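Reviewing the structure listed below.
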Amino acid sequence: MQFSVKSNTSPKSRIQGLVLGCYDDFKLSEMGRQVDSQSAGRLAKLLKRDDFSGKAGQTLILHNLEGTNLDRCIILGLGKRDELDADRLITAATAIANTAKSLPIKKLVISLDDVIVCDRDDTWLATKLTEAFNDAAYQYLAMKGKQTKSEPITLASVELLTEADRSKAVKQGVKLGGALSIGKTATKDLSNAPGNLCTPTYLADQSKALAKQYDSLTTTVLDEKQMQKLGMGAFLSVSKGSDEPGKMIIIQYRGAAASVKPHVLVGKGITFDTGGISLKGGAGMWEMIYDMCGAASVFGTLKTIAEIGPKMNVVGVLACAENMPSARASKPGDIVTTLSGQTVEILNTDAEGRLVLCDALTYIEKFNPATVVDVATLTGAVIVALGSQASAVFSNDDEVARNLIAAGEQTRDRAWQLPIWESYQPQINSAFADMQNIGGKEAGSITAACFLARFAKKYRWAHMDIAGTSFKWAGTKKGATGRPVALLTEYLLQQAGRPA
Ligand code: BES
Ligand code: MN
Ligand code: ZN
């Protein structure tokens, strides 16, 4: 989707679609008044019909408004004047994006006249509009057969009209929104790819290709032999049951001097989670193609960061393996030695995410990180706790947690903190090893985070459980969401010193 920003003059040539925002007081904006006078008062009259209430997200399409050069004048409800907040703007932006993509038009013009978000600036507004259109237009088509004709979305460009004094901020927002959309699309494409295509090797190849695309990125890949040598016994206990070799993928973004400490992102990259010998039930097991969403969101965030080019250093680590049952697979009761030297009793091979992550968390000590955030579809329990609204945040540093949650509030890619108090730790103590990989039926997401905390003692760290937010499993709306790329990008840019 092509975005452009133009100054606010009433367009002369024929327009396929012009969007005018309208609050529930039906008062016309400056641009609205121009259209109204061209149409000899028809616009104002039609607005007052009962078809349109002005509720946020409501749309009304007026065809061939007489006297105007508009094929379609699309009225977009903005709710109560002065109460257009971040959430209502997103509702309205999503609605217009979905309406527009089903219209047989190539170009849409949106007047930002009167569209003022009470709790956000114009850069944010333009970012969210850009994201909404890209999200609405997203389709995963890579696996459709050659004969399949995809339903074409004809909409190819969006033009934002705004007053001169807002145009700089709007342009900035369009740029950030574009960078986010590129990263989010990459995340969605990797996440939606089926398990027989998206293997650890595939993710490694994609990561190498990414580094070829951007001078600021370099990718290195550890294979199983190298991980064996390093002593990553926990990671390898997961990958050894599969014919697909595990890979630890390191993507480095260099935007500052080598002496500047990097922020490190670690992603869970289980390309399919059968549960292993502790095999999952068959119903809905396909969803476990999404067990690499953490890795995919780290990949997408690095891509967005490379697009933006901030003065900072970022390291992304993708811990990638397939969790399969086989004669070579780990069994319940097996005890393994992690890279940290701590031993783990594997009581359930389906709690595999923490096993691949713990070795990654130890490995990244060598980067001397400023902060570390791991992102993982770690537990089903987090979906029970927070549903699909918020990702869960756990941290050994309240400021890191606060910053992540603030980034989530700002972007509306929201997150909420859960505790990892020391008093939960005994739940994962083991009689035979230093710890066990499950903590009983209480507080499953917390004990998983407590497990990771034992490997993250040397730096400021947070863990995000994205099992509920990174993909949708329902019917036709199924698919990856691209979360939490927006949150992570916002967090990193704030860390790089961009003012809030
Ligand atoms: N990948 C799953 C968690 C998950 C569940 C992600 C649903 C997305 C949607 C994870 O590896 C897992 O199986 N966790 C177990 C942990 C249990 C064995 C302690 C779970 O949540 O049941
Ligand atoms: Mn599992
Ligand atoms: Zn898993």
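The values are calculated or read from the model by the stated rules, or taken from the named source; none is laboratory data. A quick note: this is a predicted structure, and the numbers were derived from the prediction, not measured. With ideal geometry, Cβ positions are generated from the backbone for all residues, glycine too; neighbour counts draw on all protein chains shown.
State yes or no: is Leu46 assigned to a helix (DSSP H, G or I) and either in contact (Cβ under 8 Å) with a residue 24 or more places away in the chain or under 21 Å from Thr481 (Cβ atoms) (or both)? Spelling it out, it is not the case that Leu46 is assigned to a helix (DSSP H, G or I) and either in contact (Cβ under 8 Å) with a residue 24 or more places away in the chain or under 21 Å from Thr481 (Cβ atoms) (or both).
Only one of the numbered conditions (1) within 14 Å of ligand 2 (Cβ to nearest atom); (2) surrounded by 17 or more Cβ atoms within 10 Å (Cβ to Cβ) is not met by Leu279, and that is (2).
Of everything listed in (1) in a strand (DSSP E or B); (2) in contact (Cβ under 8 Å) with a residue 60 or more places away in the chain, the single unmet condition for Ile96 is (1). From the list Gly79, Gly32, Gly67, Gly54, the one residue that fits, being in a helix (DSSP H, G or I) and of a type in the set (Gly, Ala, Ser), is Gly32. Within the range 474-485, the presence of a residue that is of a type in the set (A, V, I, L, M, F, W, C), at pLDDT 95 or above and surrounded by fewer than 24 Cβ atoms within 10 Å (Cβ to Cβ) is excluded.
Based on what the data block shows, is Ala360 within 15 Å of ligand 3 (Cβ to nearest atom) and out of contact with any Pro (no Cβ under 8 Å at 6 or more places or on another chain)? Yes: the conditions hold for Ala360. Cβ-Cβ contacts under 9 Å between residues 6 or more apart (or on different chains), taken from a first residue in the range 360-380 that is outside the structural domain of Leu487 (by TED's automatic domain parsing) to a second residue that is at pLDDT below 95 and outside any helix (DSSP H, G or I), are absent. Is it the case that Val317 is away from ligand 2 (no atom under 16 Å from the Cβ), in contact with a helix residue (DSSP H, G or I) (Cβ under 7 Å, 6 or more places away or on another chain), closer than 16 Å to Leu378 by Cβ and modelled with pLDDT of 95 or more? Taking the combined requirement at face value, the residue satisfies it.
Only one of the listed residues (Arg166, Arg120) is in a loop (DSSP other than H, G, I, E, B), basic (Lys, Arg) and either touching an Asp or Glu at 6+ places or on another chain (Cβ under 8 Å) or surrounded by 13 or more Cβ atoms within 10 Å (Cβ to Cβ) (or both). That residue is Arg120.
Taking the criterion of being touching a Gly at 6+ places or on another chain (Cβ under 9 Å), hydrophobic (A, V, I, L, M, F, W, C) and in the same structural domain as Arg72 (by TED's automatic domain parsing), would at least one residue in the range 142-152 satisfy it? No, the range 142-152 has no match at all. For the residues Glu365, Glu345, the requirement of being away from ligand 3 (no atom under 16 Å from the Cβ) and touching a Lys or Arg at 6+ places or on another chain (Cβ under 7 Å) singles out Glu365. Among the residues here, Val174 qualifies as in contact with a Phe, Trp or Tyr (Cβ under 6 Å, 6 or more places away or on another chain) and not assigned by TED's automatic domain parsing to the domain that holds Ser53. Tallying residues that are touching a helix residue (DSSP H, G or I) at 6+ places or on another chain (Cβ under 9 Å), buried (at least 16 other Cβ atoms within 10 Å of the Cβ) and in contact (Cβ under 8 Å) with a residue 12 or more places away in the chain within the range 11-38 yields 9. Here Glu307 does not qualify as modelled with pLDDT of 95 or more, under 28 Å from the mean Cα position of the chain (by Cα), surrounded by fewer than 20 Cβ atoms within 10 Å (Cβ to Cβ) and closer than 14 Å to Ile270 by Cβ.
Is it the case that the range 107-115 has a residue that's surrounded by 14 or more Cβ atoms within 10 Å (Cβ to Cβ), in the same structural domain as Gly57 (by TED's automatic domain parsing) and of a type in the set (S, T, N, Q)? Within the range 107-115 (the criterion being surrounded by 14 or more Cβ atoms within 10 Å (Cβ to Cβ), in the same structural domain as Gly57 (by TED's automatic domain parsing) and of a type in the set (S, T, N, Q)), the answer is yes, since at least one residue qualifies. Identify the residue in the range 388-417 that is more than 16 Å from the chain's Cα centre (by Cα) and more than 30 Å from Gly341 (Cα to Cα) and, among all such residues, is surrounded by the most Cβ atoms within 10 Å (Cβ to Cβ). Looking at the filtered set, the residue picked out is Asn403.
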